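Worksheet: the structure to be examined is printed underneath.
The values are calculated or read from the model by the stated rules, or taken from the named source; none is laboratory data. If you're wondering where the values come from, they're calculated on a predicted model, not measured in any experiment. Reconstructed Cβ throughout: ideal geometry from the backbone, glycine too, with neighbour counts over all protein chains shown. Side chains included, ligands, DNA and RNA excluded: accessible areas come from the protein's heavy atoms. Shrake-Rupley method; radii C 1.70, N 1.55, O 1.52, S 1.80 Å.
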Amino acid sequence: MKKIIRYNLEIFTGIMLLFCLITMLLWKDMSLVRKLAAGFMLLYVMHEWEEGRFPGGFYDLFFGRVGAEVKGDPYEMHVPAAVMIIIFTLLPWIFNRVYLLIVPPIGLSLFEGFIHTFGIKLMKTNKPYTPGMVTAWMMFAFAIYSIKVLPPLGAKTWLLGIVLLMVEFFSMQRTFIHLAGYSYRELIPLAKKNVLGIK
């Protein structure tokens, strides 16, 4: 188990790239949703490496700005995000006729593009960059492209998809914060004080 946690990013990468390879080899027989899901898989792999390893440091940037010291294992802290992304991208790939399932990766990509850009000001970085921002922009652009090429999904589908995204994202975030050694009750006051300037 310790080795799985230690190399969870590499395992995550292997799983994602395997499905990308299958999609490429069977490209002509792949549905639009599967092609899009594979595109998100590739972009999320690139994003996780940029955010966590090359150049990495997004966790340090976040907790440093909040004014909290990371108490957990950084490798273990990445597991919830890896699991969430695998679920978000594998479900639409497997159940490719259920258009609802492609909404969460689209929504998450739009959010990532926004938060990494807004994070420059929020985190008061010394340069106009946050770890993961370049690939976050690529994900944002691919999400816009996905919306354009998909058939009209309808308001109910988008609403349910966003609800699924929020439930899974906040569950992941809560687990992530717990693994970092904190709870929302501890971090929210620090964020208000050190990030938003609210006492």
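For the reader, a short list of remarks on this structure follows.
- Of all the residues in segment 25-48, those that are free of Cβ contacts under 8 Å to residues at least 60 places away in the same chain and over 20 Å from L91 (Cβ atoms) number 3.
- Flag set for E168, criterion: among the acidic types (D, E), open to solvent by 40 Å² or more (accessible area, probe 1.4 Å) and modelled with pLDDT of 85 or more.
- If you go through segment 116-141 and keep only what is open to solvent by less than 20 Å² (accessible area, probe 1.4 Å) and either of a type in the set (D, E) or in a helix (DSSP H, G or I) (or both), you end up with H116, G119, M133, T135, A136, M139.
- Residue satisfying all of: in segment 1-48; under 24 Å from P74 (Cβ atoms) and out of contact with any helix residue (DSSP H, G or I) (no Cβ under 7 Å at 6 or more places or on another chain); surrounded by the most Cβ atoms within 10 Å (Cβ to Cβ) among these: Y7
- The residue of segment 64-109 that is surrounded by the fewest Cβ atoms within 10 Å (Cβ to Cβ), among those that are among the charged types (D, E, K, R) and assigned to a helix (DSSP H, G or I), is E76.
- Single condition K192 does not satisfy, out of (1) touching a residue at least 24 places away in the same chain (Cβ under 8 Å); (2) part of a helix (DSSP H, G or I): (1)
- Per the conditions (1) over 21 Å from L32 (Cα atoms); (2) in a loop (DSSP other than H, G, I, E, B); (3) not small (G, A, S), the sole criterion not satisfied by R174 is (2).
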